[in-house]
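Inspection log for the structure reproduced underneath, given as structure tokens.
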Amino acid sequence: MTVIKRNMNYNEYDEDVLKHLQEVELMVLKDFIDICEKNKIEYFSYGGTTLGAIRHNGFIPWDDDIDVIMTKKNYEKFLKVMETEKNEKYEIINNRNTEDFYFPYTLFNLKRTTIVDILHDKINYNYGIHIDLFILSNTPNNSLKRQLFIKKLKILHKIFFIFTVLQNDIYISSTKEKFGRTLKKLLKIFHITPNLFKKIFDKSVAKYENETSKNVCEAGYYYNKFPKEVWESTKKVKFESIKINVPKDYDTFLKTTYGDYMKLPPKEQRKNHSPDSIDFGPY
């Protein structure tokens, strides 16, 4: 067992640690793709993974995670495959099967590995090296309804974040700590739990699942809106030593998300998750 701790004085990795993490994540991504291709499940790379594939032919040099996205139909199909086919290497963690996990996306989680960070300090599940799997949700065609729909999802996301903060007792001042502890007591008194908001979120996304929508949004973290045609088909591109799917119209996706995406950001704007420690297990 190898446990590596990050120097807490810097918001960056030791180069060898980051290289090791990216190598393991590439293995996880390859295994994920194998499952998708075997079961005819269409996926797209997403976020910094797509940006890395187009700009760097692999990982963004400072990036430390993998993001993929699927239509709701393919998302459900993937979860069903993972549920029915026993997998000794990977597990699914999401807000359906894990009480302490609140956010509306799924972790394709590598067993026997562990990541420790401030948001996962007091949890009852194993937060390991993983892929983040998001839903590509249909949206209402009416402009006002679409804005309200996305706003509603964003508000629910903030509520999930608040529950995460309260669960892990993350406070940046004594005043906020006092408020947080009072809020926890009130939520308990009135029996308000994350499950209520999970149901609202799922019902909201399901409402437009069969809609003939002109626009879609990522329902899980950023809630960005895109024309549906961006995601009508995939294109294979190089990512390190393998090929991955990106949206065929990746240019529109990347411009919408990052602007001038081929330009490197200044060092102070380069972000990653910078965990407190990583246990690579046997990997």
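For the reader, a short list of remarks on this structure follows.
One line per residue, one yes/no per condition, for (1) assigned to a helix (DSSP H, G or I); (2) modelled with pLDDT of 85 or more; (3) more than 30 Å from F253 (Cβ to Cβ):
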residue	(1), (2), (3)
G180	yes, no, yes
K184	yes, no, yes
L196	yes, yes, yes
K199	yes, yes, yes
Y208	no, yes, no
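- Subset of region 122-138 [under 14 Å from the mean Cα position of the chain (by Cα) and either part of a loop (DSSP other than H, G, I, E, B) or among the β-branched types (V, I, T) (or both)]: Y127, G128, I129, I131, I135
- Candidates in region 241-272 are the residues that are touching a strand residue (DSSP E or B) at 6+ places or on another chain (Cβ under 7 Å) and either among the basic types (K, R) or over 20 Å from S137 (Cα atoms) (or both); of these, the one that is surrounded by the fewest Cβ atoms within 10 Å (Cβ to Cβ) is K243.
- Each residue in region 34-86 was checked for being hydrophobic (A, V, I, L, M, F, W, C) and either farther than 18 Å from E218 by Cβ or more than 16 Å from the chain's Cα centre (by Cα) (or both), and 10 of them qualify.
- Sole exception among (1) more than 21 Å from the chain's Cα centre (by Cα); (2) within 28 Å of I33 (Cα to Cα) for C217, by number: (1)
- Looking only at region 13-30, and only at residues there that are within 14 Å of N272 (Cβ to Cβ) and surrounded by 14 or more Cβ atoms within 10 Å (Cβ to Cβ), the one that is modelled with the lowest pLDDT: Y13
- Only listed residue being free of Cβ contacts under 8 Å to residues at least 40 places away in the same chain and touching a helix residue (DSSP H, G or I) at 6+ places or on another chain (Cβ under 6 Å), chosen from K203, K176, K158, K184: K184
- The selection criterion, being assigned to a strand (DSSP E or B), out of contact with any Lys or Arg (no Cβ under 8 Å at 6 or more places or on another chain) and either modelled with pLDDT of 95 or more or exposed (fewer than 12 other Cβ atoms within 10 Å of the Cβ) (or both), holds for K238.
The values are calculated or read from the model by the stated rules, or taken from the named source; none is laboratory data. Since the structure is predicted, the reported quantities are computational estimates derived from the model, not experimental observations. All Cβ positions, even for glycine, are placed from backbone atoms using ideal geometry, and neighbour counts span all protein chains on display.
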